[in-house]
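Just below is one structure, and these are the notes that go with it.
Where a number appears in this text, it was derived from the coordinates with a stated rule and is not lab data. This one's a predicted model, so the numbers in the text were calculated from it and none came from an experiment. Ideal geometry is used to build each Cβ from the backbone, glycine not excepted, and the neighbour counts take in all protein chains shown.
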Amino acid sequence: MGVRTLGVAMNGVTGRMGYRQHLVRSVLAINEQGGVALSDGGRVVLEPILVGRDAAKLGDIAARHGIGEYTTDLDAALERCDVYFDSQITHARVKSVLKAIDAGKHVYAEKPTAETVAEAVALAAAASAKKVKNGVVQDKLFLPGLLKLKRLVDSGFFGRILSVRGEFGYWVFEGDWQEAQRPSWNYRAQDGGGIVLDMFPHWHYVMENLFGRVRSVYAQAVTHIPERVDERGDRYEATADDAAYGVFEIEGGIIAQINSSWAVRVNRDELVEFQVDGTHGSAVAGLRGCRAQHRALTPKPVWNPDLPATARFRDGWQEVPDNAEFDNGFKVQWERFVRHVVEDAPFPNDFASGARGVQLAELGLRSSAEGRRITVADL
């Protein structure tokens, strides 16, 4: 019982995701609510130590939010923390995470955990050898839309699931006549960029947690926009893929088709949508909403190109009710990881799971390069 403090070194908070979702909407929001509630009635408050390369930016963030400690010295931060969190750009992650593991710190990291399967597996092995708690951010699992979809799956609503269709993406401006809304490193392979490495780990844990293990992948990764303009106004060659079109076989014979693109204009209700079709019903889930259609309510369209379509097909779908309060997904997972560290509560989103996500990205790129379907072996 009572309140205890957990020191958290946060590396990468000067980036958009690290700042908005992890620092402000997770760690600071947890403290504002009085900490993480434990099973024994006690609570845990988090004491962030900001880490990064730019002392001025760190100092500005610290002053803005009343945070007492910030440093550009990772070793110094590791001496004073219990948990190390990493949301740096991908190619800088492995070295820092290994240093934290070697220091005996529990580690929580953004995905992908590494750029290669070998590195991701090495991280998982190092964490296991040191017996430190480890976790990877898998925020999409906690989106309201996907939680509703999971509810339908668990209820048996779909009957036998046949297929999954996913559409993700939006137009990222090239940076010339309008400023790009994603950082330029995303489009440089040498800096760990590329939509496959960014998004396939997401799709992996979504498929694995909702439908089952991924058994094969066929992908086509492309760079639609070969030249972009960076934050300084300089033109640069886009060496990383900005779109990927994947077909995945999931255990049980489920086929998933997922398109990911930063070169597509949105004509759907949300930036990401998944349609799941089964023998007894179908559903379409986005970030927040989820609509479903049972087989008893399914209309019987007839193909006739000579007559205009009069049916309003979307009117035949029903909204899945909330039936719960949905908190910020990043914050929810932070709370679960803190409970995992403090009281050994279950946390399945570990580095081994993260390695499987990196594996799918690596095999997706290999599939694209070789033009063939590739089996996903168990790690």
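Can you tell me, using C-alpha contacts under 8 Å and at least 6 residues apart, the relative contact order of the stretch 176-269 as a whole percent? Please report the intermediate quantities before stating the final value.
Working: 154 pairs, mean separation 27.9, N = 94.
Relative contact order for the stretch 176-269 comes out at 30 percent.
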Exercise. Quick one: helix 144-155 against the long Cα principal axis of the chain, what's the angle to the nearest 10°, folded into 0 to 90?
Worked result: 60 degrees
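Is the stretch 5-123 rounded, prolate or oblate when judged by the Cα gyration tensor, a ≥ b ≥ c being the square roots of its eigenvalues, rounded requiring a/c under 1.5 and prolate requiring a/b larger than b/c?
Values: a/c = 1.68, a/b = 1.26, b/c = 1.33.
Oblate shape, in that a/c is at least 1.5 and b/c is the bigger or equal ratio.
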Exercise. Cα centroids of the stretch 244-314 and the stretch 105-164: how far apart, whole angstrom?
Worked result: 24 Å
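Evaluate E = 1/(1 + (r/R0)^6) for Arg4 and Asp75, where r is the Cβ-Cβ distance and R0 equals 30 Å; express this FRET efficiency to the nearest 0.05. Can you show the working numbers first?
On the way: r = 25 Å, r/R0 = 0.83.
Efficiency at R0 = 30 Å is approximately 0.75.
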Exercise. For Arg43 and Val266, what is the calculated FRET efficiency with R₀ set at 51 Å and r taken between the beta-carbons, to the nearest 0.05?
Worked result: 0.80
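Can you tell me the alpha carbon radius of gyration of the stretch 197-242 divided by the globular rule-of-thumb value 2.2 N^0.38 Å? Don't jump to the answer; show the numbers that get you there.
Details: Rg = 15.5 Å, N = 46, 2.2 N^0.38 = 9.4 Å.
This ratio for the stretch 197-242 stands at 1.65.
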Problem set entry | Per residue, the convex hull volume that the Cα atoms of the stretch 233-379 enclose (Å³) | 259 Å³
Problem set entry | Rounded to whole Å, sorted largest first: equivalent-ellipsoid semi-axes of the chain, Cα gyration tensor | 36, 26, 21
Problem set entry | Residues of type lysines that Lys300 reaches as a straight line, Cα spacing below 28 Å, ignoring anything fewer than 8 places off in the same chain | Lys148, Lys150
Problem set entry | Residues of the stretch 131-166 with amide N under 16 Å of a point placed 7 Å along Cα→Cβ from Thr279 | 156-163
Exercise. Dipole magnitude of the stretch 18-157 about its Cα centre, charges +1 at Lys/Arg Cβ and -1 at Asp/Glu Cβ only, in debye to the nearest 20?
Worked result: 480 debye
Problem set entry | Largest to smallest principal axis extent of the C-alpha atoms in the stretch 99-226, angstrom | 49, 43, 28
Exercise. List the lysines whose alpha-carbon lies under 22 Å from that of Lys130, not counting same-chain residues fewer than 8 positions away?
Worked result: Lys95, Lys99, Lys105, Lys111
Exercise. Tell me, what is a quarter of the convex hull surface for the C-alpha atoms of the stretch 273-313, in nm² with one decimal?
Worked result: 3.8 nm²
For this session: Normalise the Debye intensity by I(0) for the stretch 237-282, one equal point scatterer per Cα, no solvent, then take log10 at q = 0.13, 0.19, 0.29 Å⁻¹ and round to two decimals.
Result: -0.44, -0.80, -1.16
Problem set entry | Of the GluC sites (Glu not before Pro) in the stretch 175-241, those whose Cβ has at most 15 other Cβ within 10 Å and which sit in DSSP loop | Glu179, Glu231
For this session: May I ask you to work out the translational diffusion coefficient for the stretch 202-276 at 20 °C, viscosity 1.002 mPa s, via Stokes-Einstein with Rh from the Kirkwood sum over Cα pairs, reported in whole µm²/s?
Result: 149 µm²/s
Problem set entry | Sites matching chymotrypsin sites (Phe, Trp or Tyr not before Pro) across the stretch 41-87 that sit in DSSP coil, with at most 15 neighbouring C-beta atoms within 10 Å | none
For this session: Please report, in debye to the nearest 20, how large the charge dipole of the chain is about its Cα centre when each Lys and Arg carries +1 at its beta carbon and each Asp and Glu carries -1 there.
Result: 800 debye
Exercise. Length gain on complete extension for the stretch Lys131 to Lys57, per 0.36 nm per residue less the alpha carbon to alpha carbon distance?
Worked result: 23.2 nm
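Return the ratio Rg/(2.2 N^0.38 Å) for the stretch 308-379, where Rg is computed over Cα atoms only. Walk me through the numbers on the way to the answer.
Details: Rg = 20.7 Å, N = 72, 2.2 N^0.38 = 11.2 Å.
Output field value: 1.85.
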Exercise. What whole-number value in cubic angstrom gives the convex hull volume per residue for the C-alpha atoms of the stretch 75-143?
Worked result: 92 Å³
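Which value results for Rg/Rh of the stretch 28-89 when Rg is the Cα radius of gyration and Rh the Kirkwood radius based on the inverse mean 1/r? Mind dumping the intermediate values first?
On the way: Rg = 13.3 Å, Rh = 13.0 Å.
Answer for the stretch 28-89: 1.02.
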